[in-house]
Structure formats: C-alpha cells, structure tokens
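The values are calculated or read from the model by the stated rules, or taken from the named source; none is laboratory data. Predicted model only: the values in this text are computed from it and were never measured. Reconstructed Cβ throughout: ideal geometry from the backbone, glycine too, with neighbour counts over all protein chains shown. Please note that ligands, DNA and RNA were not included when accessible areas were found on the heavy atoms of the full protein model with its side chains. Shrake-Rupley method; radii C 1.70, N 1.55, O 1.52, S 1.80 Å.
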Amino acid sequence: MSKSKIRSEILKLRKYKFKEKVRINPKKIFQILKYNKIDVISVGGYYPCNNEIDDLEILNNFRKRKVIVSLPIIKKNNQMDFFEWSKNNPLKINKYGIIEPISKKKIYPDLILIPLLAYDLKLNRLGYGGGFYDRYIQKIEKKKKVFKIGLAFSFQKINRIPINNYDKKLDLIITEKDFIK
C-alpha cells in the first residue's frame with residue numbers, strides 16, 4: 001500500500017476512534033529514560049492537533065523537572081527548528097494549521113516527541129508527508145545525538161511502513177497501551 005493511501009486511511013480511522021481522554025502516562029517515559037540512562041536537558045514536543053496523541057501533560061512534567069521545553073516552527077523549504085516554549089507563552093497558527101510558539105530562542109533538544117500517523121514494529125514512522133521531522137533529525141544528528149520517541153494510538157500500527165533513504169527510524173514508540181523498542 002502506498003504512503004498516501006495509508007495516510008488517508010489512518011487519518012479517517014484516527015478521527016473516528018479519537019477519544020480526548022486517551023493519554024500516555026508521563027511516568028512511562030521517565031522510567032524508560034532512567035532505565036536507558038538518558039539525560040534530558042531539553043525536550044522538543046509538539047502542540048497536538050488533528051486528533052494526535054496529546055503530549056502537553058508529558059511536556060508539563062518535563063518542565064516541572066526543570067527541563068527546557070520547545071515546540072517546532074516550520075521554516076522555508078520544508079525545514080523546521082525547535083524554539084523554547086512554556087504554557088504561558090503565546091502561540092500562533094501557521095499556514096499548515098499547526099500551532100507554533102512565537103519564541104525566537106532556538107533549542108537543540110536532547111529528546112524529541114514525534115506525532116505519528118502510522119508505525120510498524122521496526123520503529124518506522126509515517127508522518128503527514130512533508131518530511132519535516134526526517135530533515136530535522138538528519139540536521140540535528142550532525143550536531144548531537146537525539147533520542148526520538150514516537151507517540152501514537154495503538155490502532156495506528158500497521159504491518160509495514162514503506163520507507164526510503166530519507167526516512168529516519170525512531171528509538172522508541174509509545175502508545176496508550178504499550179511501547180516498542
């Protein structure tokens with residue numbers, strides 16, 4: 001099945017099955033980070049939209065632990081960077097309908113929480129098709145090691161994500177039911 005067909009089907013399914021009360025327990029993430037001895041000074045998240053898993057509680061838990069929180073801002077040529085954000089800072093909606101911070105303080109996160117449309121058990125992800133996260137991961141990993149966690153509903157799992165040379169694997173996928181490593 002093509003990526004565009006998978007995207008279309010998962011978006012319909014996610015809209016149908018989405019329940020606002022479904023959350024990922026932040027304790028899961030902190031236990032995994034502690035177990036893997038991953039130090040996090042800064043985290044890149046996203047402001048949930050389009051029925052994505054809500055990561056705001058997770059980001060708030062990082063903030064309480066004095067971790068710098070950031071959200072992506074989409075740039076020209078399908079590029080993006082992460083900029084510092086706290087829940088009291090203003091936000092804006094970009095041309096894609098994605099909520100972004102107004103901050104100009106660029107952050108290079110140690111950990112990135114990534115929304116998914118679909119995933120497989122080999123830690124491949126399917127996003128919306130712009131390649132923003134793949135480009136960002138390629139760019140940041142030239143500067144530093146970054147731990148990549150995909151967040152998804154368990155029903156977004158498919159047998160095989162069609163991948164190409166540009167697609168970047170995740171280090172971990174967490175759903176409301178389980179995690180894949």
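Which one of these is open to solvent by less than 20 Å² (accessible area, probe 1.4 Å) and at pLDDT below 85: I10, I53, I29? Walk me through it before giving the result.
Details: I53 fails: at pLDDT below 85; I29 fails: at pLDDT below 85.
Selected residue: I10, the only one of I10, I53, I29 that is open to solvent by less than 20 Å² (accessible area, probe 1.4 Å) and at pLDDT below 85.
Give the stretch 91-138 a look and list any residue that's more than 16 Å from the chain's Cα centre (by Cα) and not aliphatic (A, V, I, L, M), or say none.
Within the stretch 91-138, K92, N94, K95, Y96, G97, S103, K104, K105, K106, K122 meet the criteria.
What's the number of the only condition in (1) at pLDDT 95 or above; (2) on the phi < 0 side of the Ramachandran plot that F153 fails to meet?
(1)
Restricting the stretch 140-164 to residues that are hydrophobic (A, V, I, L, M, F, W, C) and in a helix (DSSP H, G or I), which is nearest to the chain's Cα centre (by Cα)?
I140
So the check is Cβ under 6 Å with 6+ separation or different chains; which pairs have a first residue in the stretch 112-139 that's over 17 Å from I99 (Cβ atoms) and assigned to a loop (DSSP other than H, G, I, E, B) and a second one that's open to solvent by less than 40 Å² (accessible area, probe 1.4 Å) and basic (K, R)?
L116/R125
Check the stretch 154-164 and report whether any residue there is surrounded by fewer than 13 Cβ atoms within 10 Å (Cβ to Cβ), among the charged types (D, E, K, R) and over 23 Å from N25 (Cα atoms).
yes
Just to confirm my filter: which strands (runs of 3 or more DSSP E) fall fully inside the stretch 23-111 and include at least 2 residues that are farther than 14 Å from I149 by Cα and in contact (Cβ under 8 Å) with a residue 24 or more places away in the chain?
68-74, 80-84, 99-101
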